[in-house]
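A quick write-up on the structure given underneath.
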Amino acid sequence: SDLKRSHNSALSLSTVRHEFDKKFAMHGRKRVKPSTEAERQRKEKEAVKIKEYSDLVAACLNKKNSKTFDTEAFNYATKILSQNPDFYTIWNFRRNTLLYGLLKDAETDQKQEAFSNELVFLQALFQLNPKSYWIFNHRRWCLENMPYPDWQRELELVGKILELDSRNFHGWDYRRYVTSKLSMKIADADDENNNNSAESLTESEFNFTTTKINQNFSNYSAWHQRSKLLPSLFQEKNMTEDEKKALIDKEFDLVKSAIYTDPDDQSAWLYHLWLVGREIRHISVLGAYFDPKERGIVLSFDDEIGMISPFLVSHGSGNNNGKVQGDWRPSGGIFKHDQLNSDRLYGFVWIFTPTEDISNSSTLTVTIDPSSIVPSHSESHLMQTVKKPVINILNTDNIAASSENYASIHSNNVVAGSLIVPAPEILSTITQERTELLKREISVIKELLDLEPDSKWCLQTLVNLLNELKYASLLESNEANLLNNEIVSCCDRLIKIDSFRITRFEDLHLSHNKLKSMSFLANLINLREVNLESNLISRIDGIRELRFLKEVNLKNNLISTFETVHDGLLVDDKMVSSSRGDQEKLKIHLAGNPIIAANISSEFH
Amino acid sequence: MATHPSPAEFAREKHVSYLKTCLEILPHEYESSDTNRMTFAYFCLSGLELLDVLDSTLTPERRRVWIDWIYAQQILPNLDKPAENEQLCGFRGSPFSGSKFDVNGVRDAQLPVDAANLAMTYTALCCLLLLKDDLSRVNRPAIINALQYLQNEDGSFSQTYQSMESDIRFVYCACAISYILNDFSGFNVAKVLDYIKKSQTYDYGIAQSPDQESHGGSTYCAISALRILNRIDEGLLSKDKTIFWCLSRQISGFQGRPNKPPDTCYSFWIGGALKLLGAFDLIDFDSNRTFLLTTQSRHGGFSKWPPELNRFAEWIKYPSDLLHTYMGIAALSLMREPGLVDLDPAINISKRTIDRLINESVFWRE
C-alpha cells in the first residue's frame, strides 16, 4: 500500500511535469508566446520546482550512500523519474531498491502486486513518452522478475501501441521480445500437446503482419517483420521444397497487389527485391596480354582481388608443361585486412614478371584457381567451380596487346551465414526454375510499366531482373546482347526521369583532348573549375547557368566569338572576366585564341 | 497564398546567435535531459566551429573555464581502490548526481549512481578538442579499460555500466573514442564486425540491433564505425546495395526510414554515410539544400520539419532545437556550403580539428 501511494503521487506529479516535458523540444510543438506577467509567474514556479528537485536528488543520494533501500528511497526515485526520466542511474537505483529493500523477504503475492504496480506506473509514463528506451527496458525487467508475468496481456498491449503508431520501432522490438517469451512459455509446457501451438505463434505473428500490411501497404515495419518471420516459418514447419515455393509465390502475389496499388511506394519494391534476391556475382578476367616492354603478363579483373596463392604460369599451351618461375604483383595495389584475417594486397590489375628466360616459349599459359582468389565484396564469395580458367598468351614482341580467351570465373553467391535471405534459398539451386521466376516477374513488372510508364521503381527493378537474366545466358550470345539493349533503354528512361542525379563534377581537367565543343558542361551544375586548354573549341558555350563556376581555362583553342555570360563584361588582352552580381567574378583565360589575336578592346560589351 | 515563413537563404547570423545564446544558457526544455548536457555543449561548439566563428567567440578565460568544467565530469579510478570503480571511468554528461565539483575529476564514484556514459565521453573529447585542449588531463588507460565492461557478448555496447540499453549507437561511440585516444585495445573488434553484419536487414540498410528495421541513424553509426576500423568492405554484406538504400532515402531532404517524412538530421546521418561510402556525389544537392533551408527557424536554428499549412491556411511552425540545428549545419557543410568549414564525416567535427588532434594532442603526436 506504501508502494501504491507513491505511484499515485507520481501520477499527479507527472501531470505537473507536462510543463517541463523536454520531449517536445525535440519532437515539435507549436510555441505560444507568453505575456511578461505569465513569464514572471512561470519563473517563480520554476524556482520552487528547481529547489524541490535538488533536495530530492540529495535525499536520494543519501539513501544510496547509506544503502538504505526503504520505502522513502523508493518514493524519491518515483518523484525524480516522473520529472526526469533520462536520469538513468535512478532507474538502476529503483531496481535495487525493489530487489534489495522492499521485496527482499517478500511473499510471492507481495512481489506480484509490487511488480504489477510498476507496470501501471510505466503505462502512465508511456502516454507522455511513447518512444523511450527506458520504459521498455524497465518493463522487461519487471516481467522477468515477477512471479506470474502475463505475456498474453503484454502482447495485447503492444498491439495497441502499434495501433497508435505502426512505425514505432520500440513497439515492434518489444513485440518480438514478447512473442519470443510467449513461445518459450508454450514450449516449456507439455511438449506433446503444445508442439503445434509454439509453431503457430510464428504463424499468428506472420498473419499479424499480413493484417498490418493489408491495412496499409506502406507499413514498412510490417514488411520488415515479415522478412524475419518467413525464414522461421520454413524452418519450423519443416516445409518441403514445393511447400516453400507455394508460400513464396503467395508472397509475390501480396507484393504484386501492393505495387499495383501504389507504384511509388518503396516498401513493396524493396521487399520484392529481397524475394527475388540472389544476385549471382561473377568475377571475370577482363583481359590478359603479354607486355613486351615489361616482359611480363598483365591480367585484369572486374573486381579488386587479393591473391591467396599465386596463379600458375606454365610454358606452352595447357598447364601440363613446366612452370615458369616468377612473381605476381598488383598494379597500384592497396592493403586491406580481409575476411580471412590477413593483411593482403588487392588490385584490379595483376602483373607477372618471370625470373627465368622465356624466350624459347612462344606461348605461356596462366591457370587461375578460383580458390586462390579473395574478392573485395563480401557478396561475391567464390566457391570451387568445375572449370579452371586457362588463358593462353602469346609471347611475342609484335603484338602489343592481345586480349583473347576471356575467362569467366563463375561463382555462386554464398550468402554470409543465414542472416539474410534464406527465403529464396530454394530459388537459387535450380537454374531453370530461377530463370522461369525471373521471366515471370519481368513480365509482371512490364505490365505495370505499361500502365505507369514513368515509374522509376518499375524501371529500376526491371534493370535488376534483366541484368540477372543476362547471367543465365551465355556471355556474348545473342540473347545477352538483346538483354543488354533492353537494359540500356531502361537506363535511358531512368536518366530522363531522375535527371537531377548526375554525378557531381567540381574540377575537370580536359586539356589536349581534341574537343570541338564545350556545351556538355551545361549539365555539370556544380562545376567550379574546368581546364580546356589546347582543344579545338570555337565557341564559349554551356556555362551560362553554372553558378559555382569560378575559372575556365580556354587557352589555345579556336575561339573567335563569344556570347555574354552575364551582364557586364570586362576584357583585357589575356582574360575575359564577368561579374555576376555580388558573387566572385568568373575568370576565362583566352590567350592563344583567334579572338585575342584580333585585338578585341574594352569597348566590346 | 501566404509566403513560406522560412528564410530562403542560409541565415547564418541567426544560427550563430542561436548557438551562442544556448551556450550561455539552455532553454528550460532541456532541463530533463540534463544527463545529456555534454552533447548539447558539443552541438553548440561544433556548430560554431563549422560556422567558422568559434575562435572569435571564445576568450582565453572562457576557454579555460569550460575546459575545467569538462574535466570536472571525468570519472577517474578511485584513489585507494582503483579496481572498485573501473567500469565507471570516462566522462559523464553533467554534474547531475550531485557529487562535489572538482576540476581534477571525480575520484570516489559510487556504483552505480555516478557513472560515465559512452556518448558523453565521446562528446566530451570532441568538446575538449574544439576548445583546443591537448587532452593531457584525459585518463586514457581508465577509459580504454572501461570499454571491456561496456561491450556485451554479442559485440554491442551499453552506454553505461549495467545499463539495459545497448545497441549500435554506442558501438560507434566506442570506436570514435578509441580513434581520438589512438588506442583500439579496449574491445573485441571481431565481435563488433559480427554485430554490424547481423544488424543489416534484408534491404541492406543497417538497424540499431539485429531484428530491427534499418534506420538512417544506425546506418550512419555502423558505417562510421567500420570506416574508423578500416573494415568497410568486410563489414558490409553489399556496399552497392547499402549505397542504394541510402540514396533511396532522399525525397527532397532525407527520411530516416522508408515512407517517413524527410527530417533535417537525416541529411547528415544518411549524407555522412554516403560520404564515407564514396557515393555522396550521387545525391541531389539542390533538393537537399532547398529542404534544409525550409527547416530553418526565423529565430535561429533548425527544426526537424519545415512549417506546414493547416486547414485554415495557417502555418504550423516547429521550434528549433540544438540537435537539428547542428545536423542541419553539418549537412550543409558536407555539401561545402560557402562560409562553412569542411567536416570530417567519421568523427563529426571539423577537419581542421582532426588535424589538430593528430598534430598536437598528446595521444597522437608521440
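The values are calculated or read from the model by the stated rules, or taken from the named source; none is laboratory data. Everything numeric in this text was worked out from a predicted model, so none of it was measured. As a convention, Cβ positions derive from the backbone with ideal geometry for all residues, glycine included, and neighbour counts pool all protein chains shown. SASA here: full protein model, heavy atoms, side chains in, ligands and nucleic acids out. Shrake-Rupley method; radii C 1.70, N 1.55, O 1.52, S 1.80 Å.
For region B:119-141, which residues satisfy the criterion of being assigned to a helix (DSSP H, G or I) and open to solvent by 10 Å² or more (accessible area, probe 1.4 Å)?
Selection gives B:Ala119, B:Tyr122, B:Arg140, B:Pro141.
Within region B:283-294, is there a residue that is within 26 Å of A:Pro263 (Cβ to Cβ), within 10 Å of chain A (Cβ to nearest Cβ), outside any helix (DSSP H, G or I) and over 20 Å from the mean Cα position of the chain (by Cα)?
Yes, region B:283-294 has at least one match.
Would a scan of region A:72-93 turn up a residue that is surrounded by fewer than 18 Cβ atoms within 10 Å (Cβ to Cβ) and without any contact (Cβ under 8 Å) to a residue 40 or more places away in the chain?
Scanning region A:72-93, I find at least one residue that is surrounded by fewer than 18 Cβ atoms within 10 Å (Cβ to Cβ) and without any contact (Cβ under 8 Å) to a residue 40 or more places away in the chain, so the answer is yes.
Which of the residues belonging to region A:43-97 are among the acidic types (Asp, Glu) and more than 9 Å from every other protein chain (Cβ to nearest Cβ)?
Once the filter is applied, which keeps residues that are among the acidic types (Asp, Glu) and more than 9 Å from every other protein chain (Cβ to nearest Cβ), region A:43-97 yields A:Glu44, A:Glu52, A:Asp55, A:Asp70, A:Glu72.
Out of region A:261-275, which residues are facing chain B (nearest Cβ under 7 Å) and closer than 18 Å to B:Ser238 by Cβ?
A:Gln266, A:Leu270, A:Trp274
If the requirement is being more than 21 Å from B:Tyr161 (Cα to Cα) and open to solvent by 50 Å² or more (accessible area, probe 1.4 Å), which of these qualifies: B:Arg107, B:Arg64?
Just one listed residue meets the conditions, B:Arg64.
Against the definition (of a type in the set (S, T, N, Q), under 28 Å from B:Leu88 (Cβ atoms) and surrounded by fewer than 24 Cβ atoms within 10 Å (Cβ to Cβ)), how does B:Gln159 come out, yes or no?
Spelling it out, B:Gln159 is indeed of a type in the set (S, T, N, Q), under 28 Å from B:Leu88 (Cβ atoms) and surrounded by fewer than 24 Cβ atoms within 10 Å (Cβ to Cβ).
Would you confirm whether or not region A:187-203 contains a residue that is modelled with pLDDT of 85 or more, within 30 Å of B:Pro261 (Cβ to Cβ), within 31 Å of the chain's Cα centre (by Cα) and surrounded by fewer than 18 Cβ atoms within 10 Å (Cβ to Cβ)?
So far as region A:187-203 goes, no, none of its residues is modelled with pLDDT of 85 or more, within 30 Å of B:Pro261 (Cβ to Cβ), within 31 Å of the chain's Cα centre (by Cα) and surrounded by fewer than 18 Cβ atoms within 10 Å (Cβ to Cβ).
For residues in region B:76-100 being polar (S, T, N, Q) and at pLDDT below 90, which is most open to solvent (accessible area, probe 1.4 Å)?
My answer is B:Ser99.
Of all residues in region B:83-124, which are in contact with a helix residue (DSSP H, G or I) (Cβ under 8 Å, 6 or more places away or on another chain), more than 19 Å from B:Ser178 (Cβ to Cβ) and away from chain A (no Cβ under 13 Å)?
Correct list: B:Val103, B:Asn104, B:Gly105.
Would you mind stating whether B:Arg12 is basic (Lys, Arg), open to solvent by 50 Å² or more (accessible area, probe 1.4 Å) and within 22 Å of the chain's Cα centre (by Cα)?
The answer is yes for B:Arg12.
Go through region B:192-221 and count every residue that is within 14 Å of another protein chain (Cβ to nearest Cβ), part of a helix (DSSP H, G or I) and either open to solvent by 10 Å² or more (accessible area, probe 1.4 Å) or farther than 18 Å from A:Arg176 by Cβ (or both).
Of the residues in that region, 9 qualify.
So A:Val158 ticks every box in (1) more than 14 Å from chain B (Cβ to nearest Cβ); (2) of a type outside the set (D, E, K, R); (3) outside any loop (DSSP other than H, G, I, E, B); (4) open to solvent by 30 Å² or more (accessible area, probe 1.4 Å) but one. Which box is left unticked?
Going through (1) more than 14 Å from chain B (Cβ to nearest Cβ); (2) of a type outside the set (D, E, K, R); (3) outside any loop (DSSP other than H, G, I, E, B); (4) open to solvent by 30 Å² or more (accessible area, probe 1.4 Å) one by one, A:Val158 breaks only (4).
Residue by residue, here is whether (1) touching a Leu at 6+ places or on another chain (Cβ under 6 Å); (2) surrounded by 17 or more Cβ atoms within 10 Å (Cβ to Cβ); (3) aliphatic (A, V, I, L, M); (4) modelled with pLDDT under 85 holds:
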residue: A:Asp105; (1), (2), (3), (4): no, no, no, yes
residue: A:Thr108; (1), (2), (3), (4): no, no, no, no
residue: A:Lys111; (1), (2), (3), (4): yes, yes, no, no
residue: A:Ser116; (1), (2), (3), (4): no, no, no, no
residue: A:Ala124; (1), (2), (3), (4): yes, no, yes, yes
residue: A:Ile135; (1), (2), (3), (4): yes, yes, yes, yes
residue: A:Arg139; (1), (2), (3), (4): yes, yes, no, no
residue: A:Leu143; (1), (2), (3), (4): no, yes, yes, no
residue: A:Pro149; (1), (2), (3), (4): yes, yes, no, no
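Please pick out the residue among A:Thr15, A:Thr68, A:Thr36 that is open to solvent by 50 Å² or more (accessible area, probe 1.4 Å) and at pLDDT 75 or above.
A:Thr36 is the lone residue from the list that is open to solvent by 50 Å² or more (accessible area, probe 1.4 Å) and at pLDDT 75 or above.
So, in region B:267-306, how many residues would count as being farther than 20 Å from B:Leu229 by Cα, buried (at least 23 other Cβ atoms within 10 Å of the Cβ) and among the β-branched types (Val, Ile, Thr)?
2
If we scan region A:255-276, do we find a residue that is outside the structural domain of A:Glu468 (by TED's automatic domain parsing), at pLDDT below 75 and part of a loop (DSSP other than H, G, I, E, B)?
Among the residues of region A:255-276, not one is outside the structural domain of A:Glu468 (by TED's automatic domain parsing), at pLDDT below 75 and part of a loop (DSSP other than H, G, I, E, B), which makes the answer no.
For region B:270-277, does any single residue satisfy the condition of being touching a Cys at 6+ places or on another chain (Cβ under 9 Å), in a helix (DSSP H, G or I) and free of Cβ contacts under 8 Å to residues at least 40 places away in the same chain?
Yes, there is a match, as at least one residue in region B:270-277 is touching a Cys at 6+ places or on another chain (Cβ under 9 Å), in a helix (DSSP H, G or I) and free of Cβ contacts under 8 Å to residues at least 40 places away in the same chain.
Look through region B:236-266, keep the residues that are among the basic types (Lys, Arg) and open to solvent by 10 Å² or more (accessible area, probe 1.4 Å), and return whichever of them is nearest to A:Ser376 (Cα to Cα).
B:Lys239
Looking at B:Ser158 and the list (1) within 24 Å of B:Phe268 (Cβ to Cβ); (2) in contact with a strand residue (DSSP E or B) (Cβ under 7 Å, 6 or more places away or on another chain), which single condition is not satisfied?
Unmet for B:Ser158, out of (1) within 24 Å of B:Phe268 (Cβ to Cβ); (2) in contact with a strand residue (DSSP E or B) (Cβ under 7 Å, 6 or more places away or on another chain): (1).
Of the residues A:Leu254, A:Leu230, which single one is within 12 Å of chain B (Cβ to nearest Cβ), surrounded by 14 or more Cβ atoms within 10 Å (Cβ to Cβ) and not basic (Lys, Arg)?
So the residue among A:Leu254, A:Leu230 that is within 12 Å of chain B (Cβ to nearest Cβ), surrounded by 14 or more Cβ atoms within 10 Å (Cβ to Cβ) and not basic (Lys, Arg) is A:Leu230.
What residue, among those in region A:519-557 that are β-branched (Val, Ile, Thr) and touching a helix residue (DSSP H, G or I) at 6+ places or on another chain (Cβ under 7 Å), is modelled with the highest pLDDT?
A:Val530
Test B:Ile25 against the criterion of being of a type outside the set (S, T, N, Q) and within 14 Å of another protein chain (Cβ to nearest Cβ), and give yes or no.
Answer is yes for this residue.
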